[in-house]
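**Student:** Structure in structure tokens, see below.
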2 protein chains.
Amino acid sequence: MRPVAIVGAGKTAFGALADRDLRSLAVESIAKCLKNANMEPSGVEAFYLGNFAGPEFIGQNHVAPYVAAAAGLAGIPATRFEAACASSGAAFFHAWTAVAAGAYDTVLVTGVEKMTSQPTPKVAEILAGAGDLAGEIRAGATFPALFAMIARRHMYEYGTTREQLAAVAVKNHDNGALNPEAHLRKRITIEQALAGKPVAEPLTVFDCSLVSDGAASVLITTLERARDLTARPIVVRGIAQTSDHVGLDRKETITTFPAVRRAGEKAYAMAGIGPRDVNVAELHDCFTIAEIIACEDLGFVSKSEGGPYAASGATARTGERPVNTSGGLKSKGHPVGATGVAQLCDLVTQLRGEAGERQVPGAATGLAQNLGGSGATCVVTILGVG
Amino acid sequence: MRPVAIVGAGKTAFGALADRDLRSLAVESIAKCLKNANMEPSGVEAFYLGNFAGPEFIGQNHVAPYVAAAAGLAGIPATRFEAACASSGAAFFHAWTAVAAGAYDTVLVTGVEKMTSQPTPKVAEILAGAGDLAGEIRAGATFPALFAMIARRHMYEYGTTREQLAAVAVKNHDNGALNPEAHLRKRITIEQALAGKPVAEPLTVFDCSLVSDGAASVLITTLERARDLTARPIVVRGIAQTSDHVGLDRKETITTFPAVRRAGEKAYAMAGIGPRDVNVAELHDCFTIAEIIACEDLGFVSKSEGGPYAASGATARTGERPVNTSGGLKSKGHPVGATGVAQLCDLVTQLRGEAGERQVPGAATGLAQNLGGSGATCVVTILGVG
């Protein structure tokens, strides 16, 4: 496999963007990405699009050629990838596979979702399609309910507290307040987080990520070619995609996600590094408990220590291992299909040293973890300065 | 790129299968395919699933790990590909890319759709998601209406007749009547086809493919490995995926599909053959006019000659170039996401000489054409005896 690098990144602002449709969001992120890479559309050999639920949110399916043609890319292979909230992580994994293996030299990967045109109960129903309808969802669970069960069990087994969950929310809001493209730029206190409106006990509204519109794109090519295109290519050092049962009732334990553990192990092995070598991470904080479990499953700390780790400040911008300096899904926003590629864009910004007030000094190795459902899909990507 | 071969194929019967759900259909086709290849699930390195609209037809999204875990494949990358009616063609194209380029040795590709649990108007609405909702669909078109316009224009430009359209239906029903796994095993006459209930003038119910449930799987590996696994590997000699504008109103002409022409040209070039070398073809007859246009766009005949060609008997089982010996989407059935891989299964049956009464004597080269929407996605695959 050949070394592959990101040579362009572009994102829309995330938010409840009433005047924007899916296609215009995707096209904006593509235009920004190609401009960032100084590349014409004609230089793109294939288009990989992550989108979770265009058909249900806005009625539009067949979204890849729908976007590609509007972006000046008609003709090339244009395909939609769906893996729940890891849809664009999966698109990126397959694009990386194709370039690394030599099938293409230059490929565009976009993630997009337009969610806010549906009322909240309908959004919850659409998101529940990422669970097992014949099992947990038929039994009445929504995703907040599933992650509430996970949080309860983590509290029971490891003594994790609501204050520790709240610490994740406070930190991510603190980061997001400094991100001009974040959906919700509002600092909160521990007291506010704890007093939040209950969604599914023990999770309050401050433990849950946002329903957002947005798009993100990255352009990848071989490292050899990347060196001609940019002075600072961002190299894919390790990457893995894994799967597991969709239904929470089919898992042996619910306080660890085997798909995350395996994806992390494989990505670390490919990169030849360990968790201690990660300088900055974007983790899939669809709920605060998910960030805590990800820190454990990815080996930043041992199982059981995720709660105290969150409360210790270790994952703050100034801590030993900053997590979600973008604001994360909690504050930056979570347009589901866009999230995987958006995480990569945020890491690129850090590794290029362009993160402004949020910059982690000397960040040279970044890790992104993109989760689908309650752990049925995971993509872990490790990026480094080329 | 390494030569790649199909070493296993498995399909469910197609039909309105009231007692079967999406997962059980997919798992059945996988079990048959792995048995056909004499392969254990543990030998599969990645899972590529084509599915058009699981979320809208049955409420289930995140379908790839949902199916994979039930088939004993949990752990490996499991991803859903969506490209309208070319969803599993696109999944196969990306799977081939990965194996040919050396990323994996052995990959499973499945296509599945469960459509008949929705009433017909809802099915039409879901299928319309493969068109451009901001344009043609908002203007009131459904897919039968779009292909009716295409047929009318083909008649106007080239003198194509309703009798020639009907000849496609009669032939495909004749083939499907001999296929024990076809949805509708019923011979029809030209008179019956012409007298069919109008759907969208000039198309009658006999010009339209079926709404079906079903699944199909193929296992691919390197040709080198295939030779150890089977005495008769079926080699992928040429393959291409292309894209175009989704909206019919965005195309310069509507009597030819540039995406089909380009995919055919690329696949022929890769295989080092021309249209005359094709012994048997499975073409995407979502409507009778689509088979006629495909025969032209793929170079079986010149533009304008598709209608007379269909009426001449050239594409019958005993003709010079048999098309849709399976019965095609018209008679075998069209579970949208399953169709691309099902076409490959049907060609494998022909190339292995296992097609019984429908066998084309000496068939050594087969071509499959899988179309998404009204020509926005096309995948052309050329298979040969290894």
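**Student:** Tally up the residues in the stretch A:114-140 that are within 23 Å of the chain's Cα centre (by Cα) and outside any helix (DSSP H, G or I), please.
**Tutor:** Selection size over the stretch A:114-140: 9.
**Student:** May I ask you to list the residues in the stretch A:79-111 that are hydroxyl-bearing (Ser, Thr, Tyr), within 22 Å of the chain's Cα centre (by Cα) and at the interface with chain B (Cβ under 9 Å from one of its Cβ atoms)?
**Tutor:** If the condition is that a residue be hydroxyl-bearing (Ser, Thr, Tyr), within 22 Å of the chain's Cα centre (by Cα) and at the interface with chain B (Cβ under 9 Å from one of its Cβ atoms), then A:Thr79, A:Ser87, A:Thr97 are the ones that fit.
**Student:** Looking at the structure I just gave you, is A:Glu45 touching a residue at least 24 places away in the same chain (Cβ under 8 Å), at the interface with chain B (Cβ under 7 Å from one of its Cβ atoms) and out of contact with any Leu (no Cβ under 6 Å at 6 or more places or on another chain)?
**Tutor:** Answer is no for this residue.
**Student:** Sticking with this structure for a sec: Scan the stretch A:318-338 for residues that are closer than 17 Å to A:Glu181 by Cβ and among the charged types (D, E, K, R) and jot them down.
**Tutor:** Passing the criteria: A:Lys330, A:Lys332.
**Student:** Could you check B:Phe81 against (1) surrounded by 24 or more Cβ atoms within 10 Å (Cβ to Cβ); (2) without any contact (Cβ under 8 Å) to a residue 40 or more places away in the chain; (3) closer than 19 Å to A:Leu133 by Cβ and say which number it fails?
**Tutor:** Here B:Phe81 clears every test but (3).
**Student:** Separate question: Given the options A:Ile150, A:Ile126, A:Ile137, name the one that is modelled with pLDDT under 95, β-branched (Val, Ile, Thr) and either in contact with an Asp or Glu (Cβ under 7 Å, 6 or more places away or on another chain) or buried (at least 19 other Cβ atoms within 10 Å of the Cβ) (or both).
**Tutor:** The unique qualifying residue is A:Ile137.
**Student:** Any residue that is within 21 Å of the chain's Cα centre (by Cα), of a type in the set (D, E, K, R) and over 27 Å from A:Leu25 (Cβ atoms) - is there at least one of those in the stretch A:142-161?
**Tutor:** no
**Student:** State whether the residues of the stretch B:53-68 include one that is within 14 Å of another protein chain (Cβ to nearest Cβ) and of a type in the set (S, T, N, Q).
**Tutor:** Checked the stretch B:53-68: at least one residue is within 14 Å of another protein chain (Cβ to nearest Cβ) and of a type in the set (S, T, N, Q).
**Student:** Would you pick out the residues in the stretch B:162-187 that are surrounded by 20 or more Cβ atoms within 10 Å (Cβ to Cβ) and not in a loop (DSSP other than H, G, I, E, B)?
**Tutor:** B:Gln164, B:Leu165, B:Ala166, B:Ala167, B:Val168, B:Ala169, B:Val170, B:Lys171, B:Asn172, B:His173, B:Asn175, B:Gly176
**Student:** Given (1) part of a helix (DSSP H, G or I); (2) within 11 Å of chain B (Cβ to nearest Cβ); (3) more than 19 Å from the chain's Cα centre (by Cα), where does A:Ile76 come up short, assuming only one miss?
**Tutor:** The single condition A:Ile76 does not satisfy is (1).
**Student:** Give me the strands (runs of 3 or more DSSP E) completely within the stretch A:196-267, filtered to those with at least 2 residues that are more than 14 Å from chain B (Cβ to nearest Cβ), of a type in the set (S, T, N, Q) and in contact with a helix residue (DSSP H, G or I) (Cβ under 7 Å, 6 or more places away or on another chain), ordered by residue number.
**Tutor:** The strands (runs of 3 or more DSSP E) meeting that bar are A:213-222.
**Student:** For the stretch A:297-312, how many residues are under 14 Å from A:Ala281 (Cα atoms) and of a type in the set (Asp, Glu)?
**Tutor:** 1
**Student:** Right, another one. Tell me, please, whether a residue that is more than 20 Å from A:Ser209 (Cα to Cα) and either at pLDDT 95 or above or not assigned by TED's automatic domain parsing to the domain that holds A:Leu22 (or both) can be found in the stretch A:336-348.
**Tutor:** For the stretch A:336-348, residues more than 20 Å from A:Ser209 (Cα to Cα) and either at pLDDT 95 or above or not assigned by TED's automatic domain parsing to the domain that holds A:Leu22 (or both): present.
**Student:** Shifting gears a bit: Would you pick out the residues in the stretch A:57-70 that are surrounded by fewer than 24 Cβ atoms within 10 Å (Cβ to Cβ) and part of a loop (DSSP other than H, G, I, E, B)?
**Tutor:** The one that is surrounded by fewer than 24 Cβ atoms within 10 Å (Cβ to Cβ) and part of a loop (DSSP other than H, G, I, E, B): A:Gly59.
**Student:** With respect to B:Ala231, determine if the residue is hydrophobic (A, V, I, L, M, F, W, C), without any contact (Cβ under 8 Å) to a residue 60 or more places away in the chain and more than 14 Å from B:Leu371 (Cβ to Cβ).
**Tutor:** Yes.
**Student:** Among the residues of the stretch A:11-28, are any touching a Phe, Trp or Tyr at 6+ places or on another chain (Cβ under 7 Å) and at the interface with chain B (Cβ under 8 Å from one of its Cβ atoms)?
**Tutor:** yes
**Student:** So, of the residues in the stretch A:1-56 that are of a type in the set (D, E, K, R) and under 16 Å from A:Leu344 (Cβ atoms), which turns out to be surrounded by the most Cβ atoms within 10 Å (Cβ to Cβ)?
**Tutor:** A:Lys11
**Student:** Can you confirm whether the stretch B:176-198 contains a residue that is in the same structural domain as B:Ala316 (by TED's automatic domain parsing) and over 27 Å from B:Arg317 (Cβ atoms)?
**Tutor:** yes
**Student:** If you take the residues in the stretch A:343-383 that are out of contact with any helix residue (DSSP H, G or I) (no Cβ under 7 Å at 6 or more places or on another chain) and in a strand (DSSP E or B), which one is surrounded by the most Cβ atoms within 10 Å (Cβ to Cβ)?
**Tutor:** So, considering only residues that are out of contact with any helix residue (DSSP H, G or I) (no Cβ under 7 Å at 6 or more places or on another chain) and in a strand (DSSP E or B), the one surrounded by the most Cβ atoms within 10 Å (Cβ to Cβ) is A:Gly372.
**Student:** Go through the stretch B:297-313 and give me each residue that's crowded, with 20+ Cβ neighbours inside 10 Å and farther than 16 Å from B:Lys266 by Cα.
**Tutor:** B:Val301, B:Gly306, B:Gly307, B:Tyr309, B:Ala310, B:Ala311
**Student:** Just checking, which of B:Gly333, B:Gly340 is assigned to a loop (DSSP other than H, G, I, E, B) and touching a residue at least 60 places away in the same chain (Cβ under 8 Å)?
**Tutor:** It is B:Gly333.
**Student:** Determine if the stretch B:14-24 includes at least one residue that is within 30 Å of B:Ala101 (Cβ to Cβ) and either part of a loop (DSSP other than H, G, I, E, B) or of a type in the set (Asp, Glu) (or both).
**Tutor:** There is no residue in the stretch B:14-24 that is within 30 Å of B:Ala101 (Cβ to Cβ) and either part of a loop (DSSP other than H, G, I, E, B) or of a type in the set (Asp, Glu) (or both).
The values are calculated or read from the model by the stated rules, or taken from the named source; none is laboratory data. What you see is a predicted model, and the numbers here were worked out from it, not measured in a lab. Positions of Cβ are generated from backbone atoms using ideal geometry, with glycine treated the same way; all protein chains shown enter the neighbour counts.
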